[in-house]
Amino acid sequence: MSGTTRTGGQDLAEAAAIAIIIRGRCVKPEATFEVVNPATGRFLANAPDATPKQLDDTMEGALAAFHSWKVDDAARVAAMYAAAEVMERHAADLAQILTAEQGKPLRESVAEVETTARWFRWYADLDITPEVAEDSDVRRVVVHRRPLGPVIAIAPWNFPIQSAGKKAAQALRVGNTVVVKPSPFTPLATLKWVEVLQGVLAPGVVSALSGGAQLGSWMTSHPLTRKISFTGSTATGKLVAAAAVPDLKRTTLELGGNDAAIVLDDADPAAIAAGIFDRGFVNCGQTCAAIKRVYVPEKLHDELVDALAAIADNKVVGVGTDPTTDYGPVNNRIQLGIVTDLVEDALHKGAHAAAGGTRHDGEGYFYRPTILSNLDDGVRIVDEEQFGPALPVMSYKTLDEALARANDSKYGLGGSVWTSDLERGEAVADRIEAGTVWVNNHAQTLPHQPFAGAKWSGIGVENSRLGMLEFTQVQAVHVAR
């Protein structure tokens, strides 16, 4: 189907009785705030706006649950398996809410819930046996990993359930309890997800509160919070880090990115265009580790731009409940404004829109997939994180030049190399300053693959055994013989 834009959307009747979850109970809100459907730009539902007293009750409940949750490893494993099963049973219902508030195609919302369930199972299977550092006639030294206590999981609006779920899976496996705070742009599905989990988890093991920035400040500074796992902007991440300092709370911060893809001169543009496009526009470009800028040799530049533009022109942009939709709307008006401003700034400075370059004139926050050429470093959309459906493509003369330009950024979340020579691609990947570098792929995360940002892209590690261990305190037990 040729490129089109459809609007419209599904109304969610009063959020399907969405409530905050405190000590295993659904608590009706004392105050609410509005959630907007990005496919219409209009009111979708009211979400609970938690109070300081409700936060105190939640944290006290999480601490009370912690004392019993941490002691029985087998029970935790069984509960995590049960949680995965209940997620899958409710995936279709959760996906309807998620698409209504986030905008992504319904199939992607279903996949988000199912992915979360898979991560719960993977961590449930992970061995956390203590490490014996020495066992001699002189001494026995055993290194234990002890849980920290109540953990705050602050999730963004691009993958609300998946982000919260990955954090929760790692924290729960080693014996912590979790309090989830979803983004105020997408609170509904996450609150319902936590409600669903109450059927298989003890009260207080996983709780959820929704609210604005003030709630986040209360949670990060709360005296019972022992760990903060945050995914979001670098600017907000700095505030989270500052709030954690007075009480020396542990933090893991997964922040912004400006990921560069470097195409090598041996690559075939026709063969790699689909992969680059898919990894640049994953979740409508609203992915921290998506490709944000492309560097391609001069001799391949025009061919790659034409191939990417042809793909963009054939994508269907529309409401997420339509099965023919490839990309839904940008999630919120603020982000739509950022994308629009960055593209307009680039065009004003001489860039060419090989595809897209405009938003839809009707209702909703829709923006056409955009491929920009005839621009260079120093233009805002190259130097800043657009976090939306617009991708700048720039030419280079030498590989050393491309690497220098790719690395000349405050960000270092991810990067990629695109080539027909995998050995050469891996050698180039070693020279990219980023927490994760892919060869002939990008923005693919796996439960057993560490995910860590360099420079301004974060502190600490998520995912894999390394990520899970960030939710623990090292304790060495030394027994003299």
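How big is the range 40-169 by the Kirkwood estimate over distinct Cα pairs, in Å? Don't jump to the answer; show the numbers that get you there.
On the way: mean 1/r = 0.0566 Å⁻¹.
So the Kirkwood estimate lands at 17.7 Å.
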Rg/Rh of the range 356-400 (Cα atoms, Kirkwood Rh), to two decimals, equals 1.08
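Provide the gained length on full extension for the span LEU239 to LEU126, in nm with one decimal, where the gain is 0.36 nm per separating residue minus the Cα-Cα distance. Before the final figure, lay out the partial values.
On the way: separation 113, 0.36 × 113 = 40.68 nm, distance 3.28 nm.
The LEU239-LEU126 span can extend by a further 37.4 nm.
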With a Förster distance of 41 angstrom and the Cβ-Cβ distance between GLN473 and ALA17, calculated FRET efficiency to the nearest 0.05 equals 0.60
Longest principal axis of the chain (C-alpha) makes with the long axis of helix 160-173 (C-alpha) an angle, in degrees to the nearest 10, of 40 degrees
Under a 1.4 Å probe, counting only protein heavy atoms, ASP302 has an accessible area in Å², nearest 10, of 100 Å²
For the range 177-335, the Cα-Cα pair-distance distribution in 5 Å bins from 0, as whole percents, is 1, 7, 12, 14, 14, 13, 12, 9, 7, 6, 3, 1, 0
Taking the chain, the whole-percent share of alpha-carbon pairs separated by over 44 angstrom is 15 percent
Extend 7 Å from the Cα of ARG140 along its Cα-to-C-beta direction; within the range 38-76, residues with backbone N under 13 Å of that point are none
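What's the magnitude of the charge dipole for the range 102-244 around its Cα centre, counting Lys and Arg as +1 and Asp and Glu as -1 at the beta-carbon? Answer in Debye, nearest 20.
On the way: 16 positive and 10 negative charges, 72 e Å.
My answer is approximately 340 debye.
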Per principal axis, largest first, the Cα atoms of the range 213-293 extend in Å by 56, 22, 17
One would report the Cα pair-distance distribution of the range 98-255, bin width 5 Å, in %, as 2, 9, 17, 20, 19, 14, 9, 5, 3, 2, 1, 1, 0
The helix 269-280 Cα axis meets the longest alpha-carbon principal axis of the chain at an angle in degrees, between 0 and 90 and rounded to 10, of 40 degrees
Percent of all Cα-Cα pairs per 10 Å bin for the range 373-481, counting from 0 up to the last occupied bin, reads 12, 36, 31, 12, 6, 3, 1, 0
dims of the range 165-233, Cα set, principal axes, largest to smallest, nearest Å -> 30, 26, 20
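Using 0.36 nm times the number of residues separating ASP278 and VAL71, minus their current alpha carbon distance, what extension gain do you get? All intermediate terms of the calculation are to be shown ahead of the outcome.
On the way: separation 207, 0.36 × 207 = 74.52 nm, distance 4.42 nm.
So the chain would gain 70.1 nm between ASP278 and VAL71.
Do any of LYS238/LYS410; LYS167/LYS192; LYS70/LYS238; LYS53/LYS166; LYS192/LYS227 go past 19 Å between their Cα atoms, and which? Working shown, then result.
On the way: LYS238/LYS410 14 Å; LYS167/LYS192 17 Å; LYS70/LYS238 30 Å; LYS53/LYS166 28 Å; LYS192/LYS227 24 Å.
Correct reply: LYS70/LYS238; LYS53/LYS166; LYS192/LYS227.
Full-extension gain between ALA404 and GLU60, please, as 0.36 nm times their residue separation minus the C-alpha to C-alpha distance.
Working: separation 344, 0.36 × 344 = 123.84 nm, distance 5.04 nm.
Result: 118.8 nm gained on full extension.
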Extend 7 Å from the Cα of GLU433 along its Cα-to-C-beta direction; within the range 233-262, residues with backbone N under 19 Å of that point are 234-235, 255-262
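With all protein chains present and a 1.4 Å probe, how do CYS26, CYS284 order by accessible area, largest first?
On the way: CYS26 75, CYS284 10 Å².
The ranking, largest first, comes out as CYS26, CYS284.
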In Å³ per residue, the alpha-carbon convex hull of the range 319-393 encloses 87 Å³
Checked against the positive end of the charge dipole of the range 348-423 (+1 on Cβ of Lys and Arg, -1 on Cβ of Asp and Glu, about the Cα centre), the farthest of GLY415, SER395, SER373 is SER373
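At a 1.4 Å probe, what is the % contribution of carbon and sulfur to the accessible area of the chain? The partial results should precede the final answer.
Numbers: 9760 of 18540 Å².
Within the chain, the accessible surface is 53 percent carbon and sulfur.
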Taking the chain and counting helices only, DSSP H stretches of n ≥ 4 at -39,500 (n - 2.57) each over all residues, the nearest-500 ellipticity at 222 nm comes to -11500 deg cm²/dmol
Rounded to the nearest 10 degrees, the helix 234-244 long axis (Cα) sits at an angle to the longest Cα principal axis of the chain of 20 degrees
accessible surface per residue for the chain, probe 1.4 Å, DNA/RNA/ligands not counted, whole Å² -> 39 Å²
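List nothing, just return the count: lysine pairs in the range 240-386, 8 or more apart or interchain, with Cα separation under 27 Å.
Details: LYS292/LYS315; LYS292/LYS349; LYS299/LYS315; LYS299/LYS349; LYS315/LYS349.
Close lysine pairs under the 27 Å cut-off: 5.
The values are calculated or read from the model by the stated rules, or taken from the named source; none is laboratory data. The model shown is predicted, which means the values in this text are computed figures rather than measured ones. Quick reminder, even Gly has a Cβ in these numbers, built from the backbone with ideal geometry, and neighbours come from all protein chains shown. The accessibility values were calculated without ligands, DNA or RNA, using every heavy atom of the protein model including side chains. Shrake-Rupley method; radii C 1.70, N 1.55, O 1.52, S 1.80 Å.
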